[in-house]
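Worksheet for the structure shown next.
Rule-based calculations on the coordinates, nothing more; no lab input. Everything numeric here is computed off the predicted structure, so don't read it as measured data. As a convention, Cβ positions derive from the backbone with ideal geometry for all residues, glycine included, and neighbour counts pool all protein chains shown.
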Amino acid sequence: MNKIALVTGATSGIGEACARKLAICGYNMIITGRKADHLDALARELAALGVGVFTLEFDVRDREAATAAIQGLPPEWQEIDVLVNNAGGAWGLEPEYEGNYEDWDTMIDTNIKGLLTMTRLIVPGMVERNRGHVVNIGSVAGDAAYAGGNVYCATKSAVKALSDGLRIDVAHTRVRVTNIKPGLVETNFSVTRFHGDKERADGVYKGIQPLTGEDIAECVAFAVNAPEHVQVAELLVLATHQASGSVIHRQ
Ligand code: 8X3
């Protein structure tokens with residue numbers, strides 16, 4: 001029986017690339033997201049790779065829906081070996097004193113509370129089985145704040161603290177915890193941040209070759225496929241001409 005991996009926010013970007021990569025690695029995949037049609041299309045693609053696929057349509061912000069989805073998994077899908085907490089994003093780039101309350105709530109509810117909910121639902125089984133791997137998608141933004149990043153950076157700092165905290169709490173087990181911290185990755189990330197302003201989003205990646213979702217998926221696979229005694233605790237992955245969240249050399 002293949003191992004099982006669950007990826008949240010699998011309908012686009014890093015999540016979609018992770019789902020594809022882990023399926024290629026032979027995992028049976030549970031893919032979750034908010035868009036049923038995207039989930040179905042990806043499920044068909046992954047199934048064609050010869051692995052089992054289960055789709056769960058819910059928003060990680062909806063704790064009741066997340067709980068019902070995970071608790072309602074058929075018995076053969078319940079023993080999740082790898083949880084990729086990917087669902088998240090950035091909304092807005094205003095100065096903190098001018099920020100939008102709704103954007104703040106969306107980021108805090110998705111990037112922090114959603115990740116916590118999934119962890120709370122899935123990690124007890126891992127601890128009980130004494131095996132498993134949690135991969136949290138953090139960010140270079142969690143290492144230091146950058147202009148306008150304020151709340152987004154804070155949520156990614158929280159992902160670092162929650163990854164470190166979980167690693168401590170499961171240190172007596174064989175469960176591993178990895179925090180992957182990407183820099184500039186060209187996905188829908190900036191389109192979301194700028195509320196659909198594609199031109200402004202494109203500007204973020206002007207003059208620099210950004211990372212791709214696939215680059216990050218490779219890092220996830222590296223951590224997950226490492227020998228059992230190896231725990232990749234953290235990986236900071238930047239574009240070559242990026243030195244930090246705020247230092248980017250553009251050509
Ligand atoms: C995404 C990376 O540098 O745009 O988390 O914040 S950055």
Legend entry - Candidate set: the stretch 151-177, residues that are more than 15 Å from the chain's Cα centre (by Cα) and charged (D, E, K, R); chosen: the one farthest from the ligand (Cβ to nearest atom): ARG174
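From the residues in the stretch 32-59 that are of a type in the set (A, V, I, L, M, F, W, C) and over 22 Å from ASN85 (Cβ atoms), which one is surrounded by the fewest Cβ atoms within 10 Å (Cβ to Cβ)? Lay out the reasoning, then the answer.
Restricting attention to the stretch 32-59, the residues satisfying the condition of being of a type in the set (A, V, I, L, M, F, W, C) are 36, 39, 41-43, 46-49, 51, 53-54, 56, 58.
Filter once more, so that each one left must be over 22 Å from ASN85 (Cβ atoms): 41, 47-49.
Values: ALA41: 13, ALA47: 13, ALA48: 10, LEU49: 13.
Here the answer is ALA48.
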Legend entry - the stretch 198-251, residues that are surrounded by 12 or more Cβ atoms within 10 Å (Cβ to Cβ), assigned to a loop (DSSP other than H, G, I, E, B) and away from the ligand (no atom under 15 Å from the Cβ): ALA226, GLN231, VAL232, ALA233
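Going through the stretch 112-137 one residue at a time, which ones are outside any helix (DSSP H, G or I) and crowded, with 18+ Cβ neighbours inside 10 Å?
GLY132, HIS133, VAL134, VAL135, ASN136, ILE137 - these are the residues of the stretch 112-137 that are outside any helix (DSSP H, G or I) and crowded, with 18+ Cβ neighbours inside 10 Å.
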Inset, instruction - State all residues of the stretch 76-106 that are under 30 Å from GLY26 (Cβ atoms) and in a loop (DSSP other than H, G, I, E, B); if no residue qualifies, say none. - result: GLN78, GLU79, ILE80, ASP81, ASN86, ALA87, GLY88, GLY89
Inset, instruction - Provide a single number: the residues in the stretch 138-153 that are in a helix (DSSP H, G or I) and in contact (Cβ under 8 Å) with a residue 40 or more places away in the chain. - result: 6
Inset, instruction - Test VAL140 against the stated conditions and say whether it is more than 16 Å from the ligand (Cβ to nearest atom), under 19 Å from the mean Cα position of the chain (by Cα) and either surrounded by fewer than 18 Cβ atoms within 10 Å (Cβ to Cβ) or β-branched (Val, Ile, Thr) (or both). - result: no
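Residue-by-condition table, conditions (1) within 17 Å of ALA65 (Cβ to Cβ); (2) in contact (Cβ under 8 Å) with a residue 60 or more places away in the chain; (3) not aromatic (Phe, Trp, Tyr):
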{"residue": "GLU16", "(1), (2), (3)": "no, yes, yes"}
{"residue": "TYR27", "(1), (2), (3)": "no, no, no"}
{"residue": "GLY33", "(1), (2), (3)": "yes, no, yes"}
{"residue": "ALA36", "(1), (2), (3)": "yes, no, yes"}
{"residue": "ALA48", "(1), (2), (3)": "no, no, yes"}
{"residue": "PHE54", "(1), (2), (3)": "yes, no, no"}
